[in-house]
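To keep things clear, I will list the structure first and then write my remarks on it.
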Amino acid sequence: MAREPALVVHGGAAPWEPAYHERAVAGCRAAAEAGATVLAGGGSAVDAVVAAVRALEDNPVFNAGVGAVLGAAGGFELDASIMDGKALRFGGVAAMPDVRNPVEVARALMDHGPHALLCGPGAWDFARAHGFTPADPAELRTERAERRLAEFLAARVDDPDARPDPGTVGACAIDADGHVAAATSTGGMTGKAPGRVGDTPLPGCGTYADDRGGAVSATGEGEAIMRVGMGKAAVMRMRLRHSANDAARLSVAELGADTGGIGGIICCDRRGRLAAAHNSPHMPFGAGVIRSGRTTFVSGLALAPDENLMDLLERARGA
Ligand code: ASP
């Protein structure tokens with residue numbers, strides 16, 4: 001069914017250090033623009049979420065690709081996934097070392113299979129066979145990630161108020177044909193144990209998309225998000241006729257009530273309505289809706305409990 005193409009991105013549900021607020025919002029806005037450009041050119045929702053997440057992976061402000069956080073052993077293990085709501089196709093990579101754009105490997109896996117999820121060195125066997133080459137770890141490493149790991153190791157214990165790390169990224173989109181897609185990418189959590197995998201590469205947890213409901217990307221404490229199957233639950237709510245906004249809010253409320261977890265979610269329902277909700281202090285976002293060839297954008301650092309993405313977009317359109 002023909003729809004107004006639309007896309008929403010997030011930059012991670014977390015407490016964000018003030019020095020990064022402006023860059024986080026600008027990065028989300030730029031990623032929304034990258035995704036919207038694909039949609040405005042008649043591209044698919046899958047191509048749009050890859051373009052948006054790739055822009056965020058290339059931006060060192062975010063905990064994905066360049067700028068990813070470091071594990072306890074001082075190296076990178078990245079998680080990413082993508083789902084196409086048209087035919088429930090899925091691809092994910094987990095604990096994959098030294099990869100600059102893991103969302104592209106996930107997409108290649110979704111397109112070429114035969115598996116849906118690959119981890120560690122095996123993910124690199126697949127990636128190499130499809131033309132990817134490992135990144136020099138120096139290319140991904142930032143002073144901020146090194147500082148966060150040093151602080152984590154010096155404290156020897158985890159500071160619950162600093163968790164989760166800021167900067168996991170995700171995108172959800174609907175294209176002009178009414179197909180939805182979602183993608184998510186992360187370095188995980190500072191100081192994580194080797195082999196730790198969060199919700200991000202798991203279908204129904206960090207990422208889910210089904211044209212009959214909508215598309216979602218979740219962020220926050222992965223151990224909690226996977227216990228409530230947050231992505232699938234949110235899409236089921238949209239299949240059961242909840243709006244994107246209700247699905248986002250109910251899913252975050254469930255995460256908090258059932259697990260005490262901190263997190264957030266973005267949703268795009270099958271009618272093209274966009275939403276974001278979080279119980280973390282911040283979750284930078286960017287969104288764009290294309291109507292009659294004109295794209296309206298909004299972006300911000302956090303949504304207040306009574307704020308609604310569609311209202312913000314409506315106001316921006318009128319401005
Ligand atoms: N959900 C991610 C993980 O647990 C982290 C995040 O979203 O901040 O790996």
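Annotations
- Under a Gaussian network description of the chain, with springs only between Cα atoms under 10 Å, the residue in Gly206, Gly229, Gly188 that fluctuates furthest is Gly229.
- By the Cβ distance rule (another cysteine Cβ under 4.7 Å), the unpaired cysteines of the chain are Cys28, Cys119, Cys205, Cys267.
- Spin-label model distance (nm) - Ala193 vs Arg239, 7 Å beyond Cα toward Cβ: 3.4 nm
- Table column - 3J(HN,Hα) (Hz), segment 217-233, Karplus curve with 6.51, -1.76, 1.60, x for Gly and Pro: 10, 9, 8, x, 6, x, 4, 7, 4, 6, 5, 9, x, 4, x, 5, 4
- Between helix 102-112 and the chain: long-axis angle, C-alpha atoms, 0 to 90°, nearest 10: 70 degrees
- For the chain, built as a Gaussian network whose Cα springs stay under 10 Å, the top-fluctuating residue of Asp84, Asp111, Asp246: Asp111
- When the Gaussian network model of the chain links Cα atoms closer than 10 Å, the mean-square fluctuations of Ala64, Ala52, Ala145 top out at Ala145.
- For segment 201-208, 3J(HN,Hα) per residue [Karplus equation, 6.51 cos²θ - 1.76 cosθ + 1.60, θ = phi - 60°, Hz, x = Gly/Pro]: x, 9, x, x, 10, x, 9, 7
- Shown for Asp165, Asp47, Asp199, Asp258: other C-beta atoms within 10 Å of each C-beta, ranked fewest to most, produce the order Asp258, Asp47, Asp165, Asp199.
- For Ser280, nonlocal amide neighbours, meaning residues 5 or more places apart or on other chains whose placed amide H falls under 5 Å from its own, are Gly263.
- If only the Cβ of Lys and Arg carry +1 and only the Cβ of Asp and Glu carry -1, the dipole of the chain around its Cα centre is close to 720 debye.
- Nearest 10 degrees, 0 to 90: helix 244-259 Cα axis against the chain principal axis: 30 degrees
- Cβ-based exposure ranking for Met110, Met189, Met238, in which fewest neighbours within 10 Å come first: Met110, Met189, Met238
- Sparse-neighbourhood loop sites, trypsin sites (Lys or Arg not before Pro) in segment 210-242 - DSSP loop, at most 12 other Cβ within 10 angstrom: Arg212, Arg241
Each value in this text was obtained by applying a stated rule to the coordinates, not by laboratory testing. Since this is a predicted model, take the numbers as computed values, not measurements. No Cβ is skipped: glycine too gets one built from the backbone with ideal geometry, and neighbour counts run over all protein chains shown.
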